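Trainee: Provided herewith is a single structure, encoded as structure tokens, for subsequent inquiry.
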Amino acid sequence: MRAAAQRFVSQSSRHYLKIIVVALGVTCAVAAGLYRLAHLYVLNEAERNIQALLLVHKGMHRYIQEVMHPSFYKLKAEGMVAEKFYAPEILSSSFIVRNQHKAYNEERKAAGLGEVYYKMAALNPRNPVNKADALEEKLIRMFNENNEMKDYREVVRINGTDYLYVALPFLVNKPKCLKCHGDREDAPLGLQSLYPGQGGFNEKVGEIRAIESIRAPMEHQYFLIYILFV
């Protein structure tokens with residue numbers, strides 16, 4: 001009887017052990033699936049946030065180029081503005097958006113949020129702060145070589161923090177762009193005096209001279225995953 005009882009206990013123990021192993025396996029599979037779904041949600045939300053920011057910047061560029069510039073050149077043609085006048089604070093959309101984004105990051109910091117890296121990266125910029133880094137140089141060439149390539153995105157890890165990085169081609173050079181970005185001697189005198197070098201000049205029609213390069217921290221989004229598993 002004792003031997004039979006021991007065999008029963010042993011079989012029961014193995015049965016319960018199998019149940020526990022199966023349960024743990026199912027739990028791990030479910031947890032992995034939930035983590036994957038949460039990760040995809042985080043990426044989607046980060047992309048939506050970046051897209052919203054880029055659309056705001058794009059709208060600002062359009063307003064400057066489609067509203068401010070025509071009004072300014074109309075006043076110049078009417079003699080209301082000196083022919084040689086040039087001020088980046090009024091005429092350079094990249095200058096204006098860069099400083100607007102600086103103020104945006106200051107507001108994020110005041111709200112306890114991480115800063116969002118944003119740069120109008122160019123191979124030959126007028127302002128050194130817009131000089132493309134190695135990855136940005138590579139992407140500018142890729143966008144110019146492949147007109148069907150509309151964006152580039154990846155998750156990168158920098159100093160222990162995950163970022164969603166997105167790059168988009170900026171405006172393709174049109175003939176009107178060469179008024180300020182073509183041959184130096186054809187540019188407004190005020191522009192020439194403000195920028196003595198060749199930065200921003202000698203561009204060609206049809207080229208993408210810059211990309212919008214943006215990198216948003218994901219630590220706040222990843223807090224959602226923590227909540228799901230606590």
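The values are calculated or read from the model by the stated rules, or taken from the named source; none is laboratory data. None of the values given here were measured: they were computed from a predicted structure. FYI the Cβ positions are ideal-geometry reconstructions off the backbone, even for glycines, and counts take in every protein chain you see. Note: accessible area is taken over every heavy atom of the protein model, side chains too, but ligands, DNA and RNA are not part of it. Shrake-Rupley method; radii C 1.70, N 1.55, O 1.52, S 1.80 Å.
Trainee: Name, by its number, the condition in (1) within 26 Å of Pro169 (Cβ to Cβ); (2) of a type in the set (A, V, I, L, M); (3) open to solvent by 30 Å² or more (accessible area, probe 1.4 Å) that does not hold for Ala121.
Mentor: With (1) within 26 Å of Pro169 (Cβ to Cβ); (2) of a type in the set (A, V, I, L, M); (3) open to solvent by 30 Å² or more (accessible area, probe 1.4 Å) applied to Ala121, the lone miss is (3).
Trainee: Okay, next question. Inside the range 109-130, can you point out the residues that are of a type outside the set (Gly, Ala, Ser) and either over 16 Å from the mean Cα position of the chain (by Cα) or within 23 Å of Leu189 (Cα to Cα) (or both)? Working first, answer last.
Mentor: First, pick out the residues of the range 109-130 that are of a type outside the set (Gly, Ala, Ser): 109, 113, 115-120, 123-130.
Listed by number, the residues that qualify are Lys109, Leu113, Leu123, Asn124, Pro125, Arg126, Asn127, Pro128, Val129, Asn130.
Trainee: Based on what the data block shows, is Phe143 over 21 Å from Leu164 (Cβ atoms) and modelled with pLDDT of 90 or more? Working first, answer last.
Mentor: Numbers: over 21 Å from Leu164 (Cβ atoms): no; modelled with pLDDT of 90 or more: yes.
Here the answer is no, as Phe143 does not meet what is asked.
Trainee: Considering only residues that are of a type in the set (A, V, I, L, M, F, W, C) and part of a loop (DSSP other than H, G, I, E, B), which ones fall in the range 44-90?
Mentor: Listed by number, the residues that qualify are Met80, Val81, Ala82, Phe85, Ala87.
Trainee: So, one more: Can you tell me which residue within the range 152-206, out of those that are open to solvent by 70 Å² or more (accessible area, probe 1.4 Å) and among the acidic types (Asp, Glu), is nearest to the chain's Cα centre (by Cα)?
Mentor: Restricting to residues being open to solvent by 70 Å² or more (accessible area, probe 1.4 Å) and among the acidic types (Asp, Glu), the top hit is Asp183.
Trainee: Within the range 74-118, restricting attention to residues that are closer than 21 Å to Leu178 by Cβ and among the basic types (Lys, Arg), which residue is surrounded by the most Cβ atoms within 10 Å (Cβ to Cβ)?
Mentor: Only one residue fits best here, namely Lys76.
Trainee: For the range 52-73, indicate whether the set of residues that are aromatic (Phe, Trp, Tyr), at pLDDT 65 or above and touching a helix residue (DSSP H, G or I) at 6+ places or on another chain (Cβ under 8 Å) is non-empty. Let's see the steps before the verdict.
Mentor: Quick first cut of the range 52-73, residues aromatic (Phe, Trp, Tyr) only: 63, 72-73.
Among the residues that remain, those that are also at pLDDT 65 or above are: 63, 72-73.
Those still in the list that are touching a helix residue (DSSP H, G or I) at 6+ places or on another chain (Cβ under 8 Å) too: 72.
Scanning the range 52-73 turns up at least one residue that is aromatic (Phe, Trp, Tyr), at pLDDT 65 or above and touching a helix residue (DSSP H, G or I) at 6+ places or on another chain (Cβ under 8 Å).
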